[in-house]
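Colleague: Below is the structure I would like to discuss, written out as structure tokens.
The values are calculated or read from the model by the stated rules, or taken from the named source; none is laboratory data. Quick caveat: nothing in here was measured; it's all calculated off a predicted structure. Virtual Cβ from ideal backbone geometry, glycine too; neighbours counted across all protein chains shown. These area figures cover heavy atoms from the full protein model, side chains too; ligands, DNA and RNA do not enter into them. Shrake-Rupley method; radii C 1.70, N 1.55, O 1.52, S 1.80 Å.
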Amino acid sequence: MHAAPPAPVSFWQALGFWLKLGFISFGGPAGQIAIMHAELVERRRWISERRFLHALNYCMVLPGPEAQQLATYIGWLMHRSWGGIVAGSLFVLPSLFILTGLSWLYVAHGRLAVVAGLFYGLKPAVTALVVHAAHRIGTRALRNGWLWGIAAAAFVAIFAFDLPFPLIVLGAGGIGAIGGRLWPGVFATGGQGGGTLAGYGPALIDDDAPTPPHALFSWAGLARVLGMGLALWGAAMALLAARFGWDGALTQMAWFFTKAALLTFGGAYAVLPYVYQGAVEQHQWLSGTQMIDGLALGETTPGPLIMVVAFVGFVGGWTKQVFGPDALFAAGAAASVLVSFFTFLPSFVFILAGGPFIETTHGKLKFTAPLTAITAAVVGVILNLALFFAFHVLWPAGFSGRFDAVSALISLAAGVALFRFRLGVVPLLGACALAGMLLTQIAPTLLG
């Protein structure tokens with residue numbers, strides 16, 4: 001056990017980590033949160049587990065990508081607003097550049113067999129990562145039978161009854177609010193020094209560490225952040241409308257993805273039907289088949305899964321030729337950046353505006369009990385996501401089609417590597433991608 005907290009971390013040292021995280025944040029929100037927990041709580045001890053989970057609970061109830069918001073929150077807590085902006089931006093930028101390049105390959109050069117082979121190996125690995133993340137978070141968040149019961153109820157609600165995620169979150173929060181008053185011991189987060197009790201040692205931002213001065217709540221600070229966020233959004237919308245008109249493709253993308261960003265309760269999968277309906281059926285920026293292919297790209301690149309909007313934007317800008325027929329790549333890249341800006345701007349505002357209030361609720365049961373219950377419910381939802389991935393990987397044509405035994409073996413091997421040998425995310429994904437490429441070269445029929 002460590003006797004002293006780690007040395008203070010400079011802004012530039014943190015920047016290096018956030019950049020690295022942007023390139024290794026595979027596995028969807030569950031996998032990304034697990035990576036941050038392993039790096040920031042266990043290995044580097046920048047933040048205690050209890051304060052990590054407190055921040056995570058807040059991000060879980062916001063619309064938008066919770067893993068990106070969690071990175072923004074921790075970056076802000078450590079190094080003020082610029083720390084949060086850098087952490088959140090670097091979580092997204094590598095994915096944006098990679099997806100823009102892959103989108104160009106997709107629309108300009110078709111689907112390459114070698115790329116399809118890489119994806120064939122990556123998808124089972126992603127499935128194993130999500131299962132592993134559910135286990136990691138569950139073993140820490142589900143501390144008693146009541147919390148296990150909330151997780152099981154959430155799983156049944158979404159798996160068997162297809163209840164919307166916001167309703168599950170509200171239900172869990174209500175149970176926590178009532179239960180925290182009637183049975184406080186069930187929802188209490190325990191005593192001080194949770195990082196030490198968990199065996200990681202004291203952290204830079206420990207359970208009993210005072211709130212930094214910049215993280216103290218003030219109405220003036222709240223008004224300043226909200227004002228700057230609205231000004232940025234309004235200026236960008238006004239420039240697009242003036243240049244392309246309200247009905248222009250880029251202006252409509254900006255407006256549509258602003259609305260999508262405010263509806264993404266429950267993560268990317270909760271909003272995908274809305275994006276599909278608007279991008280494919282209403283605006284016809286891309287076809288249904290292209291949307292599915294874009295989702296596959298989003299699942300197998302680092303960053304939040306909602307980054308599939310960058311693919312939608314690229315294909316839409318290319319298809320609509322927003323800069324003319326001779327500037328298709330520029331049109332696609334500009335649209336990709338544009339939709340990413342409007343998708344993630346609200347997330348930064350939510351964290352920088354709401355973070356100071358959330359810090360005032362640290363350790364107060366009437367605030368933390370609902371969030372503890374929500375975390376338990378999210379474990380059940382993550383398990384449902386793992387089953388969703390497993391179904392589409394193991395039965396790519398549905399239950400009426402063939403069972404993909406090779407994908408099952410890759411997923412099983414990835415699970416053993418994670419649970420038994422604690423293999424890192426990057427070497428795991430690299431090995432599975434290589435295996436997928438080699439297997440599909442030997443037996444092309446694996447790709448269907």
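Colleague: If I ask for residues that are part of a helix (DSSP H, G or I) and open to solvent by less than 10 Å² (accessible area, probe 1.4 Å), which ones from the stretch 20-33 would you list?
Modeller: Leu21, Gly22, Ala30, Gly31, Gln32, Ile33
Colleague: Next question, about the same structure. Checking the conditions here, which among Ala153, Ala133, Ala113 is touching a residue at least 12 places away in the same chain (Cβ under 8 Å) and over 26 Å from Ile382 (Cβ atoms)?
Modeller: Unique residue meeting the criteria: Ala113.
Colleague: Would you check which residues across the stretch 198-209 are open to solvent by 40 Å² or more (accessible area, probe 1.4 Å) and at pLDDT 85 or above and list them?
Modeller: Across the stretch 198-209, the qualifying residue is only Leu204.
Colleague: Would you mention how many residues in the stretch 42-84 are outside any helix (DSSP H, G or I) and either farther than 13 Å from Ala203 by Cα or without any contact (Cβ under 8 Å) to a residue 24 or more places away in the chain (or both)?
Modeller: 5
Colleague: With the condition kept exactly as written, say whether any residue in the stretch 70-78 is closer than 19 Å to Ile351 by Cα, open to solvent by less than 20 Å² (accessible area, probe 1.4 Å) and of a type in the set (Val, Ile, Thr).
Modeller: yes
Colleague: On the basis of being open to solvent by 40 Å² or more (accessible area, probe 1.4 Å), within 26 Å of Thr440 (Cα to Cα) and out of contact with any Pro (no Cβ under 6 Å at 6 or more places or on another chain), does Leu129 make the cut?
Modeller: So Leu129 does not fit the description; no.
Colleague: Here's something else I'd like to know. If you scan the stretch 413-424, which residues turn out to be under 19 Å from His37 (Cβ atoms) and open to solvent by 30 Å² or more (accessible area, probe 1.4 Å)?
Modeller: Across the stretch 413-424, the qualifying residues are Phe419, Phe421, Arg422, Leu423, Gly424.
Colleague: Between Ala231, Ala238, Ala242, Ala254, which is touching a Phe, Trp or Tyr at 6+ places or on another chain (Cβ under 7 Å) and either open to solvent by less than 60 Å² (accessible area, probe 1.4 Å) or modelled with pLDDT of 95 or more (or both)?
Modeller: Going through Ala231, Ala238, Ala242, Ala254 in turn, the sole match is Ala254.
Colleague: Any idea which of Ala279, Ala310, Ala270 is at pLDDT below 80 and within 24 Å of the chain's Cα centre (by Cα)?
Modeller: Criteria check complete, one pass: Ala270.
Colleague: Could you please tell me which pairs satisfy a Cβ distance under 8 Å, a separation of 6+ or placement on different chains, a first residue in the stretch 199-219 that is under 15 Å from Gly354 (Cα atoms), and a second residue that is in a loop (DSSP other than H, G, I, E, B)?
Modeller: The qualifying pairs are Thr211/His362.
Colleague: Considering only the stretch 163-197, state which residues are open to solvent by 40 Å² or more (accessible area, probe 1.4 Å), within 22 Å of the chain's Cα centre (by Cα) and modelled with pLDDT of 80 or more.
Modeller: Scanning the stretch 163-197 gives Leu163, Leu167, Leu170.
Colleague: Name the residues in the stretch 285-316 that are of a type in the set (Ser, Thr, Tyr) and either in a helix (DSSP H, G or I) or in contact with a His (Cβ under 6 Å, 6 or more places away or on another chain) (or both), would you?
Modeller: Thr289
Colleague: Okay, moving on. Tally the residues that are within 21 Å of Leu262 (Cα to Cα) and either over 19 Å from the mean Cα position of the chain (by Cα) or not in a helix (DSSP H, G or I) (or both), restricting the search to the stretch 317-343.
Modeller: Summing the residues that are within 21 Å of Leu262 (Cα to Cα) and either over 19 Å from the mean Cα position of the chain (by Cα) or not in a helix (DSSP H, G or I) (or both) in the stretch 317-343 gives 2.
Colleague: Return yes when Gln290 is at pLDDT 85 or above and more than 23 Å from Leu53 (Cβ to Cβ) and no when it is not.
Modeller: It is false that Gln290 is at pLDDT 85 or above and more than 23 Å from Leu53 (Cβ to Cβ).
Colleague: Sticking with this structure for a sec: Where in the stretch 347-448 are the helices (runs of 4 or more DSSP H), entirely inside, with at least 1 residues that are within 30 Å of Gly145 (Cα to Cα) and charged (D, E, K, R)?
Modeller: 365-394
Colleague: Let me ask another. Gly88 is checked against (1) free of Cβ contacts under 8 Å to residues at least 40 places away in the same chain; (2) more than 24 Å from Phe187 (Cβ to Cβ); (3) buried (at least 23 other Cβ atoms within 10 Å of the Cβ) and fails just one. What number does that condition carry?
Modeller: (1)
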